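The values are calculated or read from the model by the stated rules, or taken from the named source; none is laboratory data. Being a predicted model, the structure only gives us computed values, none of them experimental. Here the Cβ positions follow ideal geometry from the backbone for every residue, glycine too, while neighbour counts run over all protein chains shown. To get the accessible areas, we keep the full protein, side chains included, count just its heavy atoms, and leave off ligands, DNA and RNA. Shrake-Rupley method; radii C 1.70, N 1.55, O 1.52, S 1.80 Å.
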Amino acid sequence: MNSRWLSRTFRRETAAVLLFLAPSVLGFAVFYIIPFVMGISQSLTNRTLNGSFIGLSNYSELLASGSFRKAAANTLLFTGVSVPLLIALSLSLALLINKGPFFRQGLQTALILPLVVPVASVVLVWQIFFDWNGTLNAWLTHVGHSRVDWLQSNGSMVVLVVLYLWKNIGYNLILFLAGLRQIPRDYYETARIEGAGRWHQFTRITLVYLTPTLFFVVLISIINSFKVFRETYLLAGDYPYDRIYMLQHYMNNMFAALEIQKLTAAATLMVLCISVLVIVLLSVERRFRDVLD
């Protein structure tokens, strides 16, 4: 009798769970899974309607395109530079704030504020600051240096990296602070009693117990670095200077030109690249955890 009652209860609870999950699963399938599968199928045809299967020809043309290679190289360069800088800065600031200085509240508020500021407002401020007649060039002129057209030079990548850091450092700071506050203080007190220095405490306690948070922050930062198109588009338009011409610019321009096959092929390659990075990070994190255990 008890087994039958438990079985009926389990079935009812399972049905209730599936019922509550159904809208989210349906929405995810309609707006993400199905369009992605359709995009992959479009990348293997020669036209959008009634197209014929041509295999990987679109991918071959894509990889032979100078515009695509330039966009891919700029995107990888941006990710390779901005993500390590973001991790180092946000972790350093989290360690500083976690110590509880007197200006902690003000610093924390200033760093988190960009999260709630609309992107259009952020870009407007940065345009005023880096414009030919903007604030930065006014300061340079005042100290005797010549003006720099920041958005039409190789310095445009620096502008974009600084914007990315300023926009995302607050989010990473919250995650690192949450991870740091989960580490028991007793570990540090025991290490100090045994004569361990600050560097030894940082490498043997902080980094070890912060590893899951660190890998998660690295993963989120990489994904966010591929989503910098909004800021770049508002800052420099759909055809910016070559140094900040990103993969999203290429795909946006292919969409405007109705080159759907090249668009979907580029999107598929970008998703594949992100997926490989995620798999590698998860594999490294799992092996590191096994070593610690």
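Hull volume per residue, based on the alpha-carbon atoms of segment 1-85 and their convex hull, is 213 Å³. Model label sites at residue 278 and residue 192, defined 7 Å from Cα along the beta-carbon direction, differ in position by 4.2 nm. Charged side chains reduced to their Cβ positions (Lys and Arg at +1, Asp and Glu at -1) give the chain a dipole of some 740 debye around its Cα centre. Across segment 152-247 the C-alpha pair distances fall into 10 Å bins from zero in the proportions 14, 33, 22, 17, 11, 3 percent. Taking other residues whose beta carbon is less than 9 angstrom from the beta carbon of residue 74, and scoring Lys, Arg as +1 and Asp, Glu as -1, yields +1. Per the Kirkwood formula applied to alpha carbons, segment 70-185 shows a radius of gyration over Rh ratio, Rg over Rh, of 1.05. Could you give the Stokes-Einstein D for segment 241-293 in µm² per second, using the C-alpha Kirkwood radius, 37 °C, 0.692 mPa s? Calculated translational D: 247 µm²/s.
So what is the accessible area of the chain per residue, in Å², with the probe set to 1.4 Å?
Numbers: 17950 Å² over 293 residues.
Roughly 61 Å² per residue, with all protein chains present.
With one equal scatterer per alpha carbon and no solvent term, the Debye-computed log10 I(q)/I(0) for the chain at 0.10 1/Å reads -0.78.
Out of segment 98-154, which trypsin sites (Lys or Arg not before Pro) are coil in DSSP terms and have no more than 16 other C-beta atoms within 10 Å? Write down the numbers at each step before the final one.
Details: sites: 99, 104, 147; in loops: 99, 147.
Those satisfying the criteria are 99, 147.
What distance in nm lies between label points placed 7 Å from Cα along the C-beta direction at residue 13 and residue 49? If labels sit at residue 13 and residue 49, their model points lie 5.3 nm apart. For the chain, relative contact order (Cα pairs under 8 Å, six or more residues apart, normalised by length) works out to 28 percent.
Give the cross-link partners of residue 70 among the aspartates and glutamates, using a straight C-alpha distance below 12 Å as the criterion and excluding same-chain residues fewer than 8 apart. Partners within reach: 242.
Under 20 Å from a label point set 7 Å out along the Cα-to-Cβ vector of residue 117, the amide N atoms of segment 149-185 belong to 150-151, 156-175.
Within 10 Å, at most 16 other Cβ atoms, and a DSSP state outside H, G, I, E, B define an exposed site. Report the longest part of the chain free of exposed chymotrypsin sites (Phe, Trp or Tyr not before Pro). Write out the running numbers ahead of the final one.
Numbers: sites that count: 102, 103, 132.
In the chain, the maximal stretch lacking such sites is 133-293.
Within segment 247-266, whose backbone N sits under 17 Å from a point 7 Å along Cα→Cβ of residue 234? Residues 249 fall inside that zone.
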